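Report on the following structure.
None of the figures in this text is laboratory data; all of them are computed from the coordinates on show. All of these numbers come straight from a predicted model, not from anything done at the bench. Glycine also receives a Cβ, built like all others from the backbone with ideal geometry; neighbour counts cover every protein chain displayed.
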Amino acid sequence: MSTYAPIDPAMPDRTRRSLLAAAAVAGPAAVMMGATGTATAAAPQTRPARGQVALVTGSSRGIGAATARRLARDGFDVTVNYLRNAGLAADVVRQIEGEGGRAIAVQADVADPAAVARLFDAGEQAFGGVDVVVSNAGIMRLAPLRDLADDDFDRMLAVNVKGSFNVLREAARRVRDGGRIVALSSSITQLRSPTYAAYAASKAAQELFANILAKELAGRMISVNAVAPGLVDTTLFTDGKTPEQIAGFAQRTPHGRLARPEDIADVVSALCGADGGWINGQTVFANGGIV
Ligand SMILES: NC(=O)c1ccc[n+]([C@@H]2O[C@H](COP(=O)([O-])OP(=O)(O)OC[C@H]3O[C@@H](n4cnc5c(N)ncnc54)[C@H](OP(=O)(O)O)[C@@H]3O)[C@@H](O)[C@H]2O)c1
């Protein structure tokens, strides 16, 4: 039985070129190393073999937690990250382990580049590398532009823009060839509702990061995309809103409900799976058709 092995940038040029050529034909997850160490282009897999590793920032709750659980079910070992809620992150790890997966929880503020480097170190030490990075941690502070406080603006930019930059920079340096990188944007970049100006700007950055990083990683078979959810049933969206307001928002989607975090995790999973590799440099609007 062959096991998945990432393309090693240090391998001889000829071997590396033949592996990349195989990947170009068969898709990134289809490059396999046989027991003898020879390269073979396998049929596309629907699920990655054990041995692939994912890191999801902000995965103690909400979309990140659903994504961590989903990627674990897909076969990834997962580094779960949190800022303050150690107990919730430990619950996510326990849920993954309860289903037979492997995960660790690591505290790190994505706004701190040194903490992000330590987060990646911890994942690599536990699981031997990283193949998928989901830059998900984010916060939202809403107010009409003229009223938004400096502290709220600064923290939102520090977490959403600088934080995601810290994560994507580390991902660009460490994700193994054939891997995937996803950054969480928001459909608010298109909806552009009042009170969302600074948050929407911080999310638009994710779409630009993903598109440009996809080009910068050319030749390594790493696909980089942004996923832009609409209204998702997490505290980030529901806090401060009345049940009536939430019901009103739900009616704005043709499906008549808010997204569940799992709806977004399914989309991230599809991008990170064997059949998602040809979507590259895009923003995927996963919003149930909200208008
Ligand atoms: N919910 C929506 O409607 C919606 C729509 C579009 C886009 N999004 C985007 O989707 C992403 C996830 O949103 P969500 O609704 O799942 O949010 P959420 O439920 O509020 O969860 C936020 C997660 O991020 C973590 N976090 C916050 N600040 C952090 C920091 N500085 N460093 C590390 N982790 C941090 C939190 O950790 P702790 O638990 O430790 O605090 C938590 O795990 C965000 O980028 C958001 O902008 C959400």
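The table below gives the values:
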read-out	value
Long-range neighbours under 8 Å by Cβ, at least six apart or interchain, first residue in contact (Cβ under 8 Å) with a residue 40 or more places away in the chain within the range 147-160, second assigned to a helix (DSSP H, G or I) and more than 14 Å from the ligand (Cβ to nearest atom)	148/197
Within the range 125-142, considering residues that are part of a loop (DSSP other than H, G, I, E, B) and more than 16 Å from the ligand (Cβ to nearest atom), the one surrounded by the most Cβ atoms within 10 Å (Cβ to Cβ)	131
Count - residues of the range 143-154 that are of a type outside the set (Asp, Glu), more than 15 Å from residue 205 (Cα to Cα) and either in a helix (DSSP H, G or I) or in contact with a Gly (Cβ under 7 Å, 6 or more places away or on another chain) (or both)	2
Positions within the range 264-291 being surrounded by fewer than 19 Cβ atoms within 10 Å (Cβ to Cβ), touching a helix residue (DSSP H, G or I) at 6+ places or on another chain (Cβ under 9 Å) and assigned to a helix (DSSP H, G or I), in sequence order	266
Residue in the range 254-263 that is among the hydrophobic types (A, V, I, L, M, F, W, C) and not in a helix (DSSP H, G or I) present	yes
Answer residue from the range 148-181, given it is over 21 Å from residue 281 (Cβ atoms) and small (Gly, Ala, Ser) and is nearest to the ligand (Cβ to nearest atom) among those	163
Helices (runs of 4 or more DSSP H) lying entirely in the range 163-246 (those with 3 or more residues that are out of contact with any helix residue (DSSP H, G or I) (no Cβ under 7 Å at 6 or more places or on another chain))	164-174, 197-216
Selection status of residue 115, touching an Asp or Glu at 6+ places or on another chain (Cβ under 8 Å), within 13 Å of the ligand (Cβ to nearest atom) and part of a helix (DSSP H, G or I)	yes
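Per-residue answers, yes or no, for (1) away from the ligand (no atom under 15 Å from the Cβ); (2) free of Cβ contacts under 8 Å to residues at least 24 places away in the same chain:
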site	(1), (2)
251	yes, yes
254	yes, no
261	no, no
267	no, no
272	yes, no
277	yes, no
281	yes, no
286	no, no
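Okay, residues lined up against (1) more than 6 Å from the ligand (Cβ to nearest atom); (2) crowded, with 18+ Cβ neighbours inside 10 Å; (3) of a type in the set (Asp, Glu):
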| residue | (1), (2), (3) |
| --- | --- |
| 58 | no, yes, no |
| 68 | yes, yes, no |
| 74 | yes, yes, yes |
| 83 | no, yes, no |
| 86 | yes, no, no |
| 93 | yes, yes, no |
| 97 | yes, no, yes |
| 105 | yes, yes, no |
